[in-house]
Amino acid sequence: MVSASPREQWASKFGFVMAAVGSAVGLGNMWRFSYLTAEHGGAAFVILYLAMMLFVGLPVLLAELVLGRGAGRSPVQALGHFGGNAWKPLGLLFVASGFVILAYYSVIAGWTVRYTIEAALDSFGSDPAGHFGEISEGPQAIVWHLIFMAVTSAIVARGIKGGIELTTTVAMPLLFLVVCGLAVYAATLDKAGPGYTYYLQTDFNDVFSREVLSEAAGQAFFSLSLGMGAMLTYASYLSKDQHLPNESVMIAAADFAVAFIAGLVVFPLLFALGLSSEVSESTVGALFITLPGAFGRMGATGQIIGTLFFATLVVGALTSAISLLEVVVASAMDTLQWSRHKSAVVFGGIIALCGLPAAVDIDVLGAMDEVANNIFLLGGGLALAVFVGWVMPDPIGEVQTGAPGVRWFFLWRTLLRFVVPAVLLYILVDAVPRTVATLAGLFR
Ligand code: TRP
């Protein structure tokens, strides 16, 4: 089928890499990464996570780029193009994942917008836990969620070059600088030492359970935006001369660097105020209760640092949300032949509505997060690995286009064919029943 206008493209290689890094770097790096690390043995978890990124995340990332650029279409069409109609439902699953993830992700992002403003005004108050309870559910949460979705839709509506690429090429370098600056500031705190010790201790006792393995893999997928066609969709706007292996390594390295440096910010701050015991109490606790409490007690410095900290989260969340919406919008453009503008407005609106239950009840939000990660992303990643490893006609030829002379295809394909599916199956067998139990609990 010939579409009326030629397909959009990134203006530059740097633009694509920044957009992909923008997708990867988000709440996952600053929120999930630190609480998972705190919960599971500090640096031991970081090492496990790194291994998961290298052997599971990176091969799947390259697979998504290869599939996206090879087909030059949105996920549903890309899978149909190389695999026939039988594979199209997988593309629909990706779109569904986009709905679910963006719906609750935007609610959390909405909290961070509100917190940025409150940090700037120094208005957290003296009861951060009570405050979080008030703003995380109900009308307050709904308003900021809707505002965040409106901004996300507006950027996506402006297109690849003028919306997504422009936003991310400005935002990502800035974000990186600010995170580094915050880490330098954190190093000057009195109790930075114990914070680092807590973060970088290596307690391997806890790491080799199935649950921790699955958390590490799930986090690698979530943080790299894998398993639902986000990277695939971005790669579909690439030209043939890009060096995909190099780019996937750059994206993964930047994503890991931001997560690691964010840890160097979060842990010293928590310890400086003697709040270490509260670090891993709850998944949202450290970021949305303990840290605001800390900023509140630091006076004017807390105002500045707090504002920068939460603004960083907002920017990271925004550039990630854009990529989630782009999967849905690109699919609507390709399959329904809608204009970009209409797709972004209509589907942005529907996803905003889907987020309302999460904005009203934090348990719904938690359940959506669990279903998305444990079932959609890991299942989607498994299917993608099988597809590119076994079904797609000539994935290696597609990698070689633009990357002549790369030698480790064999390793990549072996990981994709055997290692990735084995690891993901092992994890899914355990994660699916756990998630079903959570869902059952929710409806009881
Ligand atoms: N990677 C982002 C983060 O770390 C979240 C995200 C964006 C995402 N797009 C995605 C997660 C696609 C899974 C799939 O916050």
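Derivation of every value follows stated rules applied to the coordinates shown; laboratory data play no part. Everything quoted here is computed from the prediction, not taken from an experiment. Don't worry about glycine lacking a Cβ; one is built from the backbone with ideal geometry, like all the others, and counts go over all protein chains shown.
Just a few scattered comments:
- Each Lys or Arg adds one and each Asp or Glu subtracts one; over the other residues with Cβ under 9 Å from the Cβ of residue 41, this totals -3.
- Value at 222 nm in deg cm²/dmol, rounded to 500, when DSSP H runs of n ≥ 4 in the chain each add -39,500 (n - 2.57): -23000 deg cm²/dmol
- Kyte-Doolittle mean at least -0.5 and Cα axial length at least 18 Å: DSSP H helices in the chain: 58-71, 88-121, 139-157, 166-187, 210-223, 244-272, 299-336, 340-354, 420-443
- Estimated translational D of the chain in µm²/s (Stokes, Kirkwood radius over Cα pairs; 37 °C; 0.692 mPa s): 150
- Contact order normalised by residue count of the chain, Cα under 8 Å, 6+ apart, percent: 35
- The fewest-to-most ranking of 384, 92 by surrounding Cβ atoms within 10 Å reads 92, 384.
- Net charge dipole, the chain: roughly 1280 debye, given to the nearest 20, about the Cα centre with Cβ charges of +1 for Lys and Arg and -1 for Asp and Glu.
- Cβ crowding within 10 Å, taken as a proxy for footprinting-reagent exposure, orders 401, 197 from fewest neighbours to most as 197, 401.
- Cα gyration tensor category, rounded, prolate or oblate, for region 159-220 with a/c compared to 1.5: oblate
- Net charge, residue 8 excluded, C-beta distance under 15 Å - Lys, Arg +1, Asp, Glu -1: +3
- Whole-Å distance, taken between Cα centres, linking region 357-418 and region 67-101: 12
- Farthest positive-ward along region 186-340 dipole, Cα basis, beta-carbon charges - from 308, 231, 250: 308
- Listed by Cβ neighbour count within 10 Å, with the fewest neighbours leading, 255, 369, 363 appear as 363, 369, 255.
- Lys pairs under 20 Å by Cα in the chain, provided they are eight or more residues apart or on distinct chains: 4
- Extension gain (nm, one decimal) between residue 241 and residue 350, 0.36 nm per residue minus Cα-Cα: 35.6 nm
- In the chain the longest region clear of chymotrypsin sites (Phe, Trp or Tyr not before Pro) that are loop-assigned by DSSP and have at most 14 other C-beta atoms within 10 Å covers 1-207.
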